[in-house]
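Since the structure comes first, as structure tokens, the remarks are kept for the end.
The values are calculated or read from the model by the stated rules, or taken from the named source; none is laboratory data. No experiment lies behind these values; they were computed from the predicted model shown. So basically every Cβ, Gly included, is an ideal-geometry build from the backbone, and we count neighbours across all protein chains shown. Surface accessibility is based on the protein's heavy atoms, side chains included, excluding ligands, DNA and RNA. Shrake-Rupley method; radii C 1.70, N 1.55, O 1.52, S 1.80 Å.
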Amino acid sequence: MKLIYKPFGIVLGLMAGLVSKKLFDVVWGLFDNEEPPKPTTKDADWPKVLAAAAVQGVTFKVTRAAVDRAGAKGWDHLFGVWPGDKKQEKSQAAEAVR
């Protein structure tokens, strides 16, 4: 059943990408009246380029997580099978620091 979820998850991922692009445009519009600069735009200053990248990254990851979680919950509700891991993995980085 988890294998059957894969195409469903891919479609959800594509939808999350479209939603996050629209959401990023809205959020960036709150900060600036201009389009977000690309890293290769000569006249754009460093803070603006990095701010645009940070806002875009956060917007994409949060949207993707929300859509993935909602899809997994829906799949579990419909079919009674959780499509992902049941337990959270231990952090190898945290273990290395301790």
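For the stretch 30-48, does any single residue satisfy the condition of being over 30 Å from residue 1 (Cα atoms), among the hydroxyl-bearing types (Ser, Thr, Tyr) and at pLDDT below 95? Scanning the stretch 30-48, I find at least one residue that is over 30 Å from residue 1 (Cα atoms), among the hydroxyl-bearing types (Ser, Thr, Tyr) and at pLDDT below 95, so the answer is yes. When the stretch 53-83 is examined, which residues are found to be small (Gly, Ala, Ser) and farther than 14 Å from residue 10 by Cα? Within the stretch 53-83, 53, 54, 57, 66, 74, 80 qualify. Inside the stretch 1-44, residues that are open to solvent by less than 80 Å² (accessible area, probe 1.4 Å) and either part of a loop (DSSP other than H, G, I, E, B) or hydroxyl-bearing (Ser, Thr, Tyr) (or both) make up a count of 7. On inspection, residue 95 qualifies as modelled with pLDDT under 95, outside any loop (DSSP other than H, G, I, E, B), loosely packed, with under 10 Cβ neighbours inside 10 Å and not basic (Lys, Arg).
Residues that are part of a helix (DSSP H, G or I), over 15 Å from the mean Cα position of the chain (by Cα), loosely packed, with under 13 Cβ neighbours inside 10 Å and modelled with pLDDT of 95 or more do occur in the stretch 56-73.
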